[in-house]
Amino acid sequence: MPSKQPEADLREYIASRLPTEAAKQLNDDTELFHLLDSVDMVRIVAVLEDVFDVMLDDFELVPQNLATIRRLLAVARGKQGGA
């Protein structure tokens, strides 16, 4: 179901997957691949698709699009027609 605050929901979910100290320092440019495993990344994509009500295509599931919160948000907004 789409969220009324998708950016905040995505950030909150990602922070919940991190150790406390890493979550405290999380920002939109934090490199996620250094902090999360592949299962977490799949879950993050599922949350992203849910809260933004979008479906990512296979060609969009590349490391550069998933590396940071900023990049995840850009892909989701692009799918919604805004950037």
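Each reported figure results from applying straightforward, stated rules to the coordinates on display, with no laboratory input. The structure displayed is predicted, hence computed values, not measured ones. Backbone-built Cβ (ideal geometry, glycine too); neighbour counts: all protein chains shown.
A Förster radius of 25 Å, combined with the Cβ-Cβ distance separating His34 from Glu12, puts the computed FRET efficiency at roughly 0.80. Along each principal axis, taking the top coordinate minus the bottom one, the Cα set of the chain gives 35, 27, 21 Å in descending order.
Quick one: if the Förster radius is 30 Å, what FRET efficiency do Ala46 and Gln25 give, using the C-beta to C-beta distance and rounding to 0.05? After rounding to 0.05, the efficiency reads 0.75. Peptides 29-35, 18-24, 40-46 ranked from most to least packed by the mean count of surrounding Cβ atoms within 10 Å: 40-46, 29-35, 18-24.
The protection proxy used here, the mean number of other Cβ atoms lying within 10 Å of each residue, ranks peptides 57-66, 5-14 as follows, highest first: 5-14, 57-66.
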